[in-house]
Each structure stands twice: as C-alpha cells, then as structure tokens.
1. Just for segment 288-312: of the residues that are of a type in the set (D, E, K, R) and touching a residue at least 60 places away in the same chain (Cβ under 8 Å), which one is farthest from CYS273 (Cα to Cα)?
2. Could you tell me whether GLU91 is in the same structural domain as LEU181 (by TED's automatic domain parsing), within 14 Å of ligand 1 (Cβ to nearest atom) and under 23 Å from ARG148 (Cβ atoms)?
3. Give LEU266, LEU277, LEU287, LEU281 a once-over and let me know the one that is within 16 Å of ligand 2 (Cβ to nearest atom), aliphatic (A, V, I, L, M) and assigned to a helix (DSSP H, G or I).
4. On the basis of being part of a helix (DSSP H, G or I) and outside the structural domain of LEU188 (by TED's automatic domain parsing), does ARG272 make the cut?
5. Can you tell me which residue among PHE240, PHE247 is within 15 Å of GLY58 (Cα to Cα), buried (at least 19 other Cβ atoms within 10 Å of the Cβ) and at pLDDT below 95?
6. Kindly indicate the residue of segment 193-210 that is within 16 Å of ligand 2 (Cβ to nearest atom) and among the small types (Gly, Ala, Ser) and also farthest from the chain's Cα centre (by Cα) among those meeting that condition.
7. Looking for whichever is of a type outside the set (A, V, I, L, M) and buried (at least 19 other Cβ atoms within 10 Å of the Cβ) here; the options are SER293, SER298. Which one fits?
8. Any idea which residue in segment 65-101 is modelled with the lowest pLDDT, counting only those that are within 22 Å of ARG173 (Cβ to Cβ) and of a type in the set (D, E, K, R)?
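The values are calculated or read from the model by the stated rules, or taken from the named source; none is laboratory data. As the structure is a prediction and not an experimental result, all values here were calculated from the model. Here the Cβ positions follow ideal geometry from the backbone for every residue, glycine too, while neighbour counts run over all protein chains shown.
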Amino acid sequence: MSQTNETVPPIGIDLAKALSSKRIKHTRVTEVMSELHTLIYPSSQDSILLVCGPTGAGKTTLSRHMVESALERGRSHMKANGGVIPAVYVEAPSSGENDFSWKLFYRRILTQLGDDLDAPKKLYGVDEHTGRVVRPRGSTGNSLAALRTAVERGLRERQVQFLVIDEAAHIIRQTRGKHRLEIQLDTLKSLANQCGTQMVLVGAYDLYQLVSLSAQLARRTHVLHFERYREDRPEDVKAFERCVLAFEKTLPNLWGGQLTQHSKGLLGNTLRCVGTLSSVLIRAGKLAEAVGSWSVDSLERALLTEAQRKRILEEIIDGESAIGPSFTRIMPRIQRSAV
Ligand SMILES: Nc1ncnc2c1ncn2[C@@H]1O[C@H](COP(=O)(O)OP(=O)(O)OP(=O)(O)O)[C@@H](O)[C@H]1O
Ligand SMILES: [Mg+2]
C-alpha cells in the first residue's frame, strides 16, 4: 500500500452503523442462498442442512438474511393464517457448562415462536373435588421433556419450514463422547421429522464432523460449503473486489475513492472473507474518524496482525482439507505478507 495521506471531508454520520448495516449481496452469498432455497421444500428428505465456512465468511449475516427473506416471501400467507412463522433463527447457546444446554436451546426456540416462557409447559391441573390447583406429579413444569414437547408443538403449529441454528458447532464442542453427540443429533433429526421443519445448522468447519457420526445421519444431511473467495479463480478475485467497491460506495466521503486501489492488499490480509473485510474496514473508518481524516495509515493499523492471520489461516486450511480434498489439491499458494 502507498504511504501517502489523503485528507477527506468530515464524515458526520454514524460510520460503524452505516458500514455494518450495509449488506452486500455478493457472489458467494447468492450461491449458498440459492442452493439452500432449492433444498428447502416440504417433505424434503434432507432433514439437516449443514452450512460450514471459515470465520468471517459472513455466515451469520447470511443466516439472518435467509430467515428475513423467508418471512418476507411468506408475508401474505402469514397474514391469511395468523400464527404461521415460516422460518426461525436461533443461536445455539454456549452456556459455559460442560454439557450443551438443551433447555436453554429449547427456550430460545420457544421465544422465537412467541411462546409464553413463564407458563409451565406441563399445565397445572384443577382437583375436581376441591377445586384447588394442583401441581403436576413427577417432573417439574419446565423439564427438558416438557420443553421439547412445547418446541415440537410450536414448530408444527406455526408451520415452521426451516429452523436456522447458528453457531451450531457449540453443540459439538460442548458434548463429550461420540455416542452422546449422536443421541443429541438424533434428537434434532427426529424433531425435524416430527414437525416437518428442516434444520439448517450453520457454523465453523468443526461442524463438519457431524457427517462422520453415523451413516443414518450422513444420509439425511446435506453439506453446503460457504467457502471464502479463491485466489486461483479470476471471477472470485473480481467478486471480492466488487465487495471492496461496494463498501467504498457506502461511505464515499470517507474513502474519497481511494479504497479500491488497496483491494489486493485487503484480499490478502482478510484471507478473502467478506465479513473479515467488513470488520477491518469498520475499524479503519473508526481510526480515521478519530483523527479527523482518512489515511492509509488508518487502514494499515486496522488490518489483521500476522499472528491473527496465521491462526485464522491454519483453522481455515484444516477445515478446507476436511470438507473438500479436491479443494486442497488445487489450492493456490497463500500470500503470507500482511498487505
Ligand atoms: N454480505 C455482507 N455485506 C456486508 N457486511 C457483511 C456481509 N457479510 C458479513 N458482513 C459483516 O461482517 C461481519 C462478520 O460477519 P458474520 O458475523 O456474518 O460472519 P461469520 O461467518 O458469522 O463469522 P463468525 O465466525 O464470527 O461466526 C459482520 O459485522 C457483518 O455485518
Ligand atoms: Mg457467525
């Protein structure tokens, strides 16, 4: 990157908000969304869809967008049939406990379904002789089984076509032992089968281990790779450069038309991940704002450090080799310099 400074007019708006609220419909998003649209349909055999990709690829942004557009498309159906919710987004909890908290997870789903969480899931009864309210015997009102039943009923009654579970790798990370994990995923699978709701599990590459758990699960799971842009494909490099241009156009006064000339450096530093690009640019914008003018120095200070980049790259390369051996074979030499 050149070291010349460029002074720009004052920005005068909430820069971070402007940049983070901008959603670029870039090539990779369109590809993954279109594959998901094709595979989500009533009575599909793919009860579980896995969307795996590197950190900062834009997985959460895509997940939320998927759900928002399903709600948009289903608007008239929702109006005509009060209570229908075509799609739901939840984040798998990371409770800090040793075991994945299914209770917390079910509660999050119920919140999205508009369920009254305070109401006991197993209703209190009324004694026909005394007229008094009696507690249900055995399990407490909000036992795991009761919550699961409430989720099942909610998904079915609200005709949820798909449930996006973001950060689904938390389920794996917090479950010790292959057998237990298999049981838990069977829970998701049977939830999908009983409610007719497809589960879209989104997460980093470690989520991919799911397919090796059981043949039955593997058969019912389709994997989508939300991969970063590739250096060996000119169309990918162009698509990434278009993202830089789109960010530049979001705040033309800030960058003063100077951003796209750094596309190649940004491509290398952000490991070709659009979410990481966004984070770097927001940081650069804030640094520029703090000193009152934009300079290449702000951009350089906002870049990932070599240590960060190395760590992320290691994880990406491991994930890419696990998910697609052919991809690894033809992977280009990684540019190691910071910019
Ligand atoms: N298509 C996009 N257009 C504009 N900004 C985007 C886009 N995709 C992601 N971003 C921005 O990049 C940042 C990171 O994206 P996101 O959280 O979706 O990535 P992720 O793959 O889910 O990362 P993580 O590994 O942290 O889960 C967010 O601030 C988001 O607003
Ligand atoms: Mg995410």
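1. Here the answer is GLU289.
2. On the way: in the same structural domain as LEU181 (by TED's automatic domain parsing): yes; within 14 Å of ligand 1 (Cβ to nearest atom): yes; under 23 Å from ARG148 (Cβ atoms): yes.
Yes.
3. Selected residue: LEU277, the only one of LEU266, LEU277, LEU287, LEU281 that is within 16 Å of ligand 2 (Cβ to nearest atom), aliphatic (A, V, I, L, M) and assigned to a helix (DSSP H, G or I).
4. So ARG272 does not fit the description; no.
5. Criteria check complete, one pass: PHE247.
6. Among those residues, the one meeting the criterion is ALA204.
7. Numbers: SER293 fails: buried (at least 19 other Cβ atoms within 10 Å of the Cβ).
Going through SER293, SER298 in turn, just one is of a type outside the set (A, V, I, L, M) and buried (at least 19 other Cβ atoms within 10 Å of the Cβ): SER298.
8. Checked segment 65-101; the qualifying residue modelled with the lowest pLDDT is GLU97.
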